[in-house]
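Only one structure is covered here, and it is reproduced in the block below.
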Amino acid sequence: MIDFPNAKINIGLNIKEKRSDGFHNIETVFYPLALSDILEIQVESDNDSSTLTNTGLTVDTPEKNNIVFKAFETIRRFNIIPEVNMHLHKIIPSGAGLGGGSSDAAFTLKILNKLFSLERQEEQLQDDAESLGSDCPFFLKNTPQYAFEKGNKTEPVNISLKGYTILLVVPNIHISTKLAYQGVKAIQTEVSLKKRIEEIPVTEWKDHIQNDFETHLFEHYKELKDIKEQMYQAGAVFASLSGSGSAIYGIFEETPPDVNFPNSYFTWKETLKY
């Protein structure tokens, strides 16, 4: 069985407070993109163990530590299923704030549930996904969602970007979550991000929607700030870092012009559908 785990962007990201468990409460909007990996899972009949192979972009993680394999083991803890062969063709850049790994894990859960007719209910799959990562549950819904607490809790958000074009640029920078959080300060805002995004026109987001990671990370990586500025120079109505980076995206009312982004190793353009 083959499926296509897709990427996401974060529209706004506010750090609300540090939690007693060491994580942070945040608020953000997850927005799905068409950009996707390719994941195939087949029943293994010849070997006595499951395997995971990888093509495309390199996933620099031992097989058993890969989040796809962890998702398989999560399902197997609750269900008797045979060994499988899993193959991941990686297209979504890692460490870019695009959720590729989390999406791969969530789609593994969905494929296994369908492939073996496990009939795990939505709430069970949500729990499975949350055990793998804070933003994994989003990819089971895969529509624009307002995310809060650790990013693991979501609710629908009324957003309209249909027909806009997104230009996504990923420079050759890998930002660890640990580094990203080292420089942020928790700030309580009077108006929720959801309310701002739903009530403020897209053309005015620039002055009202922000990603709290940008201030710190732009000081460390000037090229990120430069890419964002280039997006606005090219005519973007809104531009931002996605998640904790390093992807920068611009949202355009019309097809953006061809722009040369120095030091970028991945670019992507698509028309948004939500």
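Data overview
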item	result
Count of the stretch 41-84 residues which are touching a strand residue (DSSP E or B) at 6+ places or on another chain (Cβ under 7 Å), in contact (Cβ under 8 Å) with a residue 24 or more places away in the chain and assigned to a loop (DSSP other than H, G, I, E, B)	5
Residue satisfying condition, being touching a Pro at 6+ places or on another chain (Cβ under 8 Å) and among the aromatic types (Phe, Trp, Tyr), within set 69, 78, 139	139
Total residues in the stretch 239-274, condition part of a loop (DSSP other than H, G, I, E, B) and of a type in the set (Gly, Ala, Ser)	6
Scan of the stretch 185-214 for residues that are of a type in the set (Ser, Thr, Tyr) and either buried (at least 16 other Cβ atoms within 10 Å of the Cβ) or in contact with a Lys or Arg (Cβ under 9 Å, 6 or more places away or on another chain) (or both), ordered by number	189
Among (1) under 21 Å from the mean Cα position of the chain (by Cα); (2) under 23 Å from residue 91 (Cβ atoms), the one test that residue 256 misses	(1)
Total residues in the stretch 108-127, condition hydrophobic (A, V, I, L, M, F, W, C) and crowded, with 22+ Cβ neighbours inside 10 Å	3
Residue tally, condition at pLDDT below 95 and either out of contact with any strand residue (DSSP E or B) (no Cβ under 7 Å at 6 or more places or on another chain) or not assigned by TED's automatic domain parsing to the domain that holds residue 167 (or both), over the stretch 235-253	2
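Okay, residues lined up against (1) within 22 Å of residue 177 (Cα to Cα); (2) surrounded by fewer than 20 Cβ atoms within 10 Å (Cβ to Cβ):
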position	(1), (2)
34	no, yes
38	no, yes
44	no, yes
51	no, yes
57	yes, yes
60	yes, yes
68	yes, no
106	yes, no
129	yes, no
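The values are calculated or read from the model by the stated rules, or taken from the named source; none is laboratory data. In this text, all values refer to a predicted model and were calculated from it rather than measured experimentally. Backbone-built Cβ (ideal geometry, glycine too); neighbour counts: all protein chains shown.
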